[in-house]
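The values are calculated or read from the model by the stated rules, or taken from the named source; none is laboratory data. Fair warning: this is a prediction, and the values are worked out from it, not measured in the lab. Neighbour counts run over all protein chains shown; Cβ positions are idealised from the backbone, glycine included. Just so you know, the surface numbers come from the protein's heavy atoms only, side chains and all, with ligands and any DNA or RNA stripped out. Shrake-Rupley method; radii C 1.70, N 1.55, O 1.52, S 1.80 Å.
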2 protein chains.
Amino acid sequence: MSVTLHDVARVAGVSIKTVSNVINAYPHIRPATKERVEAAIAELGYTPNLTARSLRSGRSGAIALAVPDLGLAYFAELAASVIEAAEAAGLVVLVEQTGGDRERELELLRSPRLKMTDGLIFSALGMSEADVASLSVGFPLVLLGERIFGGPTDHVTMRNVEAARAATEYLISSGRRRIAVVGAHEGEVVGSAALRMQGYLEALEAHGIAYDDSLIGYTTLWHRSNGARSMTELLEREVPFDAVFGLNDTLALGAMRVLQVSGRRVPEDVAVMGFDDLDEAGYSIPSLTTVDPGRAWIAKTAVATLVERIAGGDVVGPPRLRLADFRIAERESAALAVAR
Amino acid sequence: MSVTLHDVARVAGVSIKTVSNVINAYPHIRPATKERVEAAIAELGYTPNLTARSLRSGRSGAIALAVPDLGLAYFAELAASVIEAAEAAGLVVLVEQTGGDRERELELLRSPRLKMTDGLIFSALGMSEADVASLSVGFPLVLLGERIFGGPTDHVTMRNVEAARAATEYLISSGRRRIAVVGAHEGEVVGSAALRMQGYLEALEAHGIAYDDSLIGYTTLWHRSNGARSMTELLEREVPFDAVFGLNDTLALGAMRVLQVSGRRVPEDVAVMGFDDLDEAGYSIPSLTTVDPGRAWIAKTAVATLVERIAGGDVVGPPRLRLADFRIAERESAALAVAR
DNA sequence: CGGGTACTCTACAACGTTGTAGTCGAGGGA
DNA sequence: TCCCTCGACTACAACGTTGTAGAGTACCCG
């Protein structure tokens, strides 16, 4: 069927090892031999069988990336960044979707589906601290996300608390005092929602603003519709507020829509702050002020960290935690100076 | 390092082939033997080496998906659907990004990077009919997109012309006559832009509406910013129009923003029609009326078609063209009955 | 001119798995 | 009783590649 080293060797009149040597740029080959081999390779259209190479070398040149769902803009953009970073490192990326479901996440870690990869970048959404033991797998693993801290693996993530605090303080600095939240998770203590809420609370406290639970919109998921529904509920409560902090951009955009439909002006009546800095945040009406949590850096660093672990072999250091820098992407929806 | 059949065989006191037989559910094994082997597998935590299995069998259980960019919502949602369909078929998916660049697309087809996969689902954006010969590769390949027709491979795509015509007629049926277009590609004769323009033209002609080039906004890319810029140019021309057909949702949303900033009401003053039915189309302000081109069906069918080719081996039939059904997703931005 | 060394190339084994061809014994039919 | 079949298992080769060890030749230095 396909052309192998044997075929090339036969045509070139050399041993297969010599062909292999030519391909792998082994230095001690006579130019004449090299030419003959290269001619044979070109003539037959030989390409190396990566599977065989992988079996021999123990490396596949592929890594796996597990995310909840590529339909979620944040994870799509994260995956794009990871694939780009991996390509720069000469790796291809196998993408798995877990649906953010704990069972499927655990199963993915156990299953041999990704045994053909050299390692895994894992964005967990359903697992919690209780599942930390499941992360002790026999292959290089870099964890993303904020469900689990202090686990046995390298972990690359964002500064959720600090960034959410900065975002909230940004709103406060523009004179807002009644800051609603959309996307909190009831009773949750781990995960992005909890951490961002913590940052929100720290900012309130630092500025002597009392916490008001009636300003908090709880959701289960972080889809646009959840943001919209949550904002509808907030409006029905008829508690006054002059700003909304969407715990991610998608929620914020959903909420912003409802605000506008209800007749509120953004940012004049209500300022809106997001979190994620999706591509889309720059093009909404008004454009969305949000937190850029350093997604590109996270992707690049996750790949680099995984590559280090893969190359390290038995040289295993302690698990590392690497945190991205963030910045506030200042746009229209929470402009500092507006006529009110 | 890792546990192999040899290790299991030693522990169970049988030959490696027997272990292999147990794993592959070979029927003629004594229950006692089977139990012993299974105990050894459990004890050692053996998982099969997929690379070796793949080398032996010639199948990897992985397929590749090449798209321009996961940062583009359409392709992210397409990839999500493909991965889901592939998982249902027991396959994993390796995702490549080409950037929509012709050179990188051609290189991807030539390179051995995906030699470890069983086949490729390829969404070409930069290639054109002239490159059709490059599609004659030695592995199963299913083409998506509308850059190339009549190529040597199976092709799954949408009914661009019919769908664009239906979308335009939808606008016409609501009384619009001056229908602007955003996203046309200057002088292009292949690709989504050209096909959708053709549908637009057919609709105009069928209803006796004269074509007016001053209503056409040309762009090179289909990003939100291109839609916005193109609409800005249209407004500067000061030609009247009562509807806009964005050749995809992203363009339409970008254009809609500029329309609204300029003071036009949507859909009262200007109706807006998109194409793609992104998740997002349901949540914009106003929600976007658009064409659902059958993305989920395309993904499922592409995987099924590829699986057939992979299983077919040497039984190669003629290339097949499979077209998805479309529908108009009726929402607010082009509501049929509005006060004007 | 002898001995070492560098160069060029080859044979063989191995990576972990599975297909093929067997071995060996038990059981059944004639 | 003999032959044949079938069940249970094993030995070996092969998938395509690369590392290791080594063979053979040419060359340089003393």
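Data for the structure
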| item | result |
| --- | --- |
| Other-copy label distances relative to residue A:320, 7 angstrom Cα-Cβ extension, nm | 5.0 |
| Å² of accessible area per residue within chain A, as computed with a 1.4 Å probe and no ligands counted | 43 Å² |
| For the B-to-A rotation axis, chain B residue with nearest beta carbon and its distance in angstrom | B:76, 2 |
| Copies compared at residue A:175 - label distances in nm, ascending, label defined 7 Å from Cα in the Cβ direction | 4.3 |
| Estimated [θ] at 222 nm from DSSP helical runs (n ≥ 4, -39500 (n - 2.57)) normalised by residues in chain B, nearest 500 | -12500 deg cm²/dmol |
| Heavy-atom accessible area, 1.4 Å probe, ligands and nucleic acids excluded: residues of segment B:64-109 down by at least 40 Å² from chain alone | B:70, B:80, B:83, B:87, B:92, B:94, B:95, B:97 |
| Positive minus negative residues near residue B:167 (Lys, Arg vs Asp, Glu; Cβ under 12 Å) | -3 |
| Relative contact order computed over chain A (Cα-Cα under 8 Å; 6+ residues apart), in percent | 16 percent |
| Environment charge at residue A:130 (Cβ cut-off 13 Å; Lys +1, Arg +1, Asp -1, Glu -1) | -1 |
| Residue-count net charge about residue A:148 - beta-carbon cut-off 13 Å; Lys, Arg +1, Asp, Glu -1 | -3 |
| Range in chain B, longest, excluding exposed GluC sites (Glu not before Pro) [loop by DSSP; at most 10 other beta-carbon atoms within 10 Å] | B:1-185 |
| Protein-only accessible surface order, largest first, of B:6, B:223, A:28, A:185 at 1.4 Å | A:28, B:6, B:223, A:185 |
| Charge dipole magnitude, Cβ of K and R +1, D and E -1 - the protein assembly as shown, Cα centre, debye nearest 20 | 2040 debye |
| 17 Å Cα-Cα reach of residue A:34 towards lysines, excluding residues that sit fewer than 8 places from it in its own chain | A:17 |
| The protein assembly as shown - percent of accessible surface contributed by carbon and sulfur, probe 1.4 Å | 53 percent |
| Pairwise burial A:B, computed as accessible area of each alone minus the pair, summed, 1.4 Å, Å² | 4100 Å² |
| Shape call, the protein assembly as shown: gyration tensor on alpha carbons, a/c limit 1.5 | oblate |
| Residues along segment A:36-60 losing 30 Å² or more of accessible surface when the other protein chains are present rather than the chain by itself (probe 1.4 Å) | A:47, A:50, A:51, A:55 |
| Heavy-atom accessible area ranking, 1.4 Å probe, most first, across A:37, A:14 | A:14, A:37 |
